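The values are calculated or read from the model by the stated rules, or taken from the named source; none is laboratory data. Just so we're clear, the structure is a prediction, and the values are computed from it rather than from any experiment. Cβ coordinates were reconstructed from backbone atoms using ideal geometry, including for glycine residues, and neighbour counts include every protein chain displayed. Remember, those area values only see protein heavy atoms, side chains included, never the ligands or the DNA or RNA. Shrake-Rupley method; radii C 1.70, N 1.55, O 1.52, S 1.80 Å.
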Amino acid sequence: MTRELSDFTDQQDTAGKESPGPNYHLPPGRYDEMCGPGGSFRAHWRYLGAALRDLGHEALLQRARQARRLLRENGVTYNVYGDPRGQSRIWELDPVPMVIESREWSQIESGLMQRAELLDRILADIYGPRTLLERGLIPPELVFAHPGFLRPCHGVEPAGGRRLLLYAADLVRDPGGRWTVVSDRTQAPSGAGYALENRTVVSSVLPSLFRDAQVHRLAMFFQHYRNALAELAPNCANEPSIAVLTPGARNEAYFEHAYLAGYLGYTLVRGEDLMVGQSQLLLMSPSGPQRVDVVLRRVDDEFCDPLELRQESRLGVPGLLQLARARQVGIGNALGSSFLENPGLLPFLPGIATALLGQDLRLPSAATWWCGQAREREYVIANLRTLVLKRVHRLPGEYPTMGWTLSRGEAERWKEQIRAKPYLYVGQERLDLSTTPGLGSECLVPQPLILRAFAVGYRDGHQVMPGGLARVAQNLDDVIVSSQAGGASKDTWVVASEPERAVAVEIPRRQPFSSGTERNLPSRSADNLFWVGRYCERAEGVARALRAVLQLAKEAEEFGADAHRICLERLLSAVTHLTCTYPGFLSGRAAGVAQARDAEIQRVALDADVPGSLAATVRSMVAAAYEVRDYWSADAWRLVDGVEEHWQSVVTSRPAAGDGLRLELNHLISALVGFAGLAHESMVRDQGWLFLHLGRKLERAQTVATLGRACLAVEGDPEVEALISEHVLIAADSLAAFRRADGKGETIEQVLETVLLDRRNPRSMRYQTERIRRAVDELPGSNEGFTLTAKQRIAIELDTELSLADPLALARVEEPPALRGTLSNLLSESSNKLAALSREITDEFFRQPAEPHQLVDSTRQSRQ
């Protein structure tokens, strides 16, 4: 490198005479990204700084609220462990961007590319010839005592030749203006997807500033990322099938996994979706096993294969490492790459760079002392209270320890631990991080900054994302800058001297695993889509029934007639049968005493801890939808998120069983209908849509059967019949269809025909069974033989019995008691057939075979 990074920053100190104003107080002894020591804007900040100042703080707060709304609507979440908001915690984004000058960035870029290449070569050597160990360039303890060094990976030559597909470095700027690497991220670096989403949101809320600032675009980075993944495929794969392996929806960065899978056009899978067979990695889909050529893994190394790595893992795929060893699957990043995150390697990198590359290290590491060396160990112990203390292998949820925060007793315990196992610890210099402007409550405030930069290995070189994921702490005194520690993120703008041409990202349609049809639907995703449909319909059906109950209860209080009381009891019993919250309203007190009735209504509607309640059903629907986040359009997900947010507020406020709750049920029903309709209209008619559609139709038919049997199977006097018929029609959303039907009058036969048998009414039971029969015929395997499948037989019987039913016979009453036996039997048998059909679908398409696991973990002793 011919020019130091600080050369550029020194020149920028004197550039520009404008300043952000008197309220922006520069922290003493720290480098500020926006302002030089005199308080004026640095040259590359001049335009943006002046624009932000002129825009005004109130307008910036408005843009921040707009950004948060966009993040919420887009479902951008980050799960901070221990946070009660869990998966629904919105990603924190400060709309004020972090800005870097283009010439300075070119030097960072060069250093990142060199560092990525160096680490890739180290990984190849450590799991190969180990010449670095033989030459003494890396102490053996740093390798063999590190839990990230996976012995079963020795000798594995990756398909495609490259081990580090994606590399990330956490960069900080020291008080002298020099960029320094404090840590390397090599096993499954996160943040690239969040950086892209940050760019999308910030460019939306600050469109003119983004356009005029001449910011480098991110499109080409992701284009190279996609191409690099294809390069990892085994030689036999001309059109490789690629999957993104995620730990699941509870992972803190699950949104990013789903987002990247959808953005790049790949299938999001979990370990349970995959299996090894016939020397291939196979996706278990409803159509049968489909080959997978490349896995972009977001699961930690040792959890990827329970047979050879960590036997208790349920996140990986048994036999995956053997496939990698046979070069039958490409994996990015290669298994065993977490070893490179060892901070003990940092002091040895300059010597290794000279040996392997013949070059000096362009991007320096923070000064680090590995305690496995005697002189360095004594230095760390002597200066313990001034250093950042780290383990060479970071434990989950563990942060570096700031030596200056330790009490005397804590410091002594640290010294004892270091002396006992010195090879497990390092000391690192304390760096007073540079600051960048962030949005405070009253004005812009300087906030400590750390920048995660990304490089992807492509062909014979690397492509670096222009910018990266900037993270800031809220207070100057914060020593940890991390999303898990509550920090916010920023979009990073690398500003050019002239406008950059916008590049459209060539994103392919989702590649089929078998040519000619779209068949890359994991069985687990099919399962979740099926249950999203069922839970959505179940929640709507229960909400409609509860709304009818509330209306009838109000009328009963006003009129006090026996007919209203009898009808209310029937509707209440229907609610209990729909929700299976027994004994519920089947208890005489719950149905007959107003206070007890209202308490039970609140319990059934609002208590999420009661299985089958409306609140529990909504929660289950949202959870299932989140598991298949990559299948929803932005508008559909916005409705799912709105349902969760609004109904959670209703559950918290617990409105009384009256008009207040009825209004909330109206809102919920509208949102559920909107989501169902939008999903129906926006989803491709593939297998995913088919299972969602089947779930909806099965549940709606089951709801109508339960409602009809509970409310209409017993005869009442004419006033009761008329009243209960009206409310059944309301609960079944068929009142308008009934009034528009041919013929006059309001006989029970006509009600039964509208609710059960009218194939023109999209809410009738017959309408559902007819579409169930058609959908079952489209299921994989339904048309492959000469005989009907069990599912087809059930669907045909179900639809035929309803099509042959006579409304007059259904309305006929058998004495005694006043029971409509034919109607009751038909609905009971139909309900049983619906349940049997659901079991057949589940057994054939959703259940996964038990995974083989070794009985003894042969690797654990070596890690102690």
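So which residues in segment 677-696 are under 15 Å from R771 (Cβ atoms), surrounded by 20 or more Cβ atoms within 10 Å (Cβ to Cβ) and of a type outside the set (D, E, K, R)?
Filtering segment 677-696 for residues under 15 Å from R771 (Cβ atoms) gives 680, 685, 689-696.
Keeping just the survivors that are surrounded by 20 or more Cβ atoms within 10 Å (Cβ to Cβ) gives 690-696.
Those that are under 15 Å from R771 (Cβ atoms), surrounded by 20 or more Cβ atoms within 10 Å (Cβ to Cβ) and of a type outside the set (D, E, K, R): L690, F691, L692, H693, L694, G695.
Taking the condition in a helix (DSSP H, G or I), open to solvent by 20 Å² or more (accessible area, probe 1.4 Å) and closer than 19 Å to A67 by Cα, does F255 pass?
Values: in a helix (DSSP H, G or I): yes; open to solvent by 20 Å² or more (accessible area, probe 1.4 Å): no; closer than 19 Å to A67 by Cα: yes.
Considered against the rule, which asks whether it is in a helix (DSSP H, G or I), open to solvent by 20 Å² or more (accessible area, probe 1.4 Å) and closer than 19 Å to A67 by Cα, F255 comes out as no.
Condition check ((1) touching a residue at least 60 places away in the same chain (Cβ under 8 Å); (2) hydroxyl-bearing (S, T, Y)) across all residues:
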| residue | (1), (2) |
| --- | --- |
| P129 | no, no |
| G148 | yes, no |
| A168 | yes, no |
| D184 | yes, no |
| Y194 | yes, yes |
| A219 | yes, no |
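Would you call S208 free of Cβ contacts under 8 Å to residues at least 60 places away in the same chain, in a helix (DSSP H, G or I) and not charged (D, E, K, R)?
In short, yes.
Is there a residue being among the aliphatic types (A, V, I, L, M), under 23 Å from L698 (Cα atoms) and touching a Ser or Thr at 6+ places or on another chain (Cβ under 6 Å) anywhere in segment 556-573?
Checked segment 556-573: no residue is among the aliphatic types (A, V, I, L, M), under 23 Å from L698 (Cα atoms) and touching a Ser or Thr at 6+ places or on another chain (Cβ under 6 Å).
Need a quick list: helices (runs of 4 or more DSSP H) entirely within segment 697-806 having at least 2 residues that are open to solvent by less than 10 Å² (accessible area, probe 1.4 Å) and of a type in the set (A, V, I, L, M, F, W, C).
Because the criterion is at least 2 residues that are open to solvent by less than 10 Å² (accessible area, probe 1.4 Å) and of a type in the set (A, V, I, L, M, F, W, C), the helices (runs of 4 or more DSSP H) in segment 697-806 that meet it are 718-731, 748-752, 765-778, 790-804.
Note down all Cβ pairs under 6 Å where the first residue falls in segment 694-710 and is closer than 13 Å to R534 by Cα, the second is among the aliphatic types (A, V, I, L, M) and open to solvent by less than 10 Å² (accessible area, probe 1.4 Å), and they're at least six residues apart or on different chains.
What qualifies is L694/A775; K697/I772; L698/L834; A701/M765; A701/L834; Q702/L834.
Going by the conditions given, is T131 over 30 Å from W647 (Cα atoms), polar (S, T, N, Q) and out of contact with any Pro (no Cβ under 8 Å at 6 or more places or on another chain)?
yes
Filter segment 452-490 for residues that are under 20 Å from Y78 (Cα atoms), in contact with a helix residue (DSSP H, G or I) (Cβ under 9 Å, 6 or more places away or on another chain) and not aromatic (F, W, Y) and give the result.
Taking segment 452-490 as the starting set, the residues that turn out to be under 20 Å from Y78 (Cα atoms) are 452-454, 468-474, 480-490.
Subset that is in contact with a helix residue (DSSP H, G or I) (Cβ under 9 Å, 6 or more places away or on another chain): 452-454, 468-470, 483, 489-490.
The answer is R452, A453, G468, L469, A470, S483, S489, K490.
Of all residues in segment 25-56, which are open to solvent by less than 40 Å² (accessible area, probe 1.4 Å), assigned to a helix (DSSP H, G or I) and under 22 Å from N198 (Cβ atoms)?
Within segment 25-56, H44, W45, L48, G49, A51, L52 qualify.
Among the strands (runs of 3 or more DSSP E) confined wholly to segment 322-441, which include 1 or more residues that are out of contact with any helix residue (DSSP H, G or I) (no Cβ under 6 Å at 6 or more places or on another chain) and at negative phi? Full working, then the answer.
Values: elements: 330-332, 368-370, 388-391, 425-428, 435-439.
Of the strands (runs of 3 or more DSSP E) lying wholly inside segment 322-441, those with at least 1 residues that are out of contact with any helix residue (DSSP H, G or I) (no Cβ under 6 Å at 6 or more places or on another chain) and at negative phi span 330-332, 388-391, 425-428, 435-439.
Going through segment 604-649 one residue at a time, which ones are open to solvent by less than 60 Å² (accessible area, probe 1.4 Å), farther than 22 Å from N74 by Cα and either among the acidic types (D, E) or part of a helix (DSSP H, G or I) (or both)?
V604, A605, L606, D607, L614, A615, A616, T617
If I go through segment 446-460 residue by residue, how many of them are surrounded by fewer than 19 Cβ atoms within 10 Å (Cβ to Cβ) and either modelled with pLDDT of 90 or more or part of a strand (DSSP E or B) (or both)?
Here the count works out to 0.
For residues that are closer than 14 Å to E302 by Cβ and not hydrophobic (A, V, I, L, M, F, W, C), scanning just segment 318-337, find the one that is surrounded by the most Cβ atoms within 10 Å (Cβ to Cβ).
Among residues in segment 318-337 that are closer than 14 Å to E302 by Cβ and not hydrophobic (A, V, I, L, M, F, W, C), the one surrounded by the most Cβ atoms within 10 Å (Cβ to Cβ) is S337.
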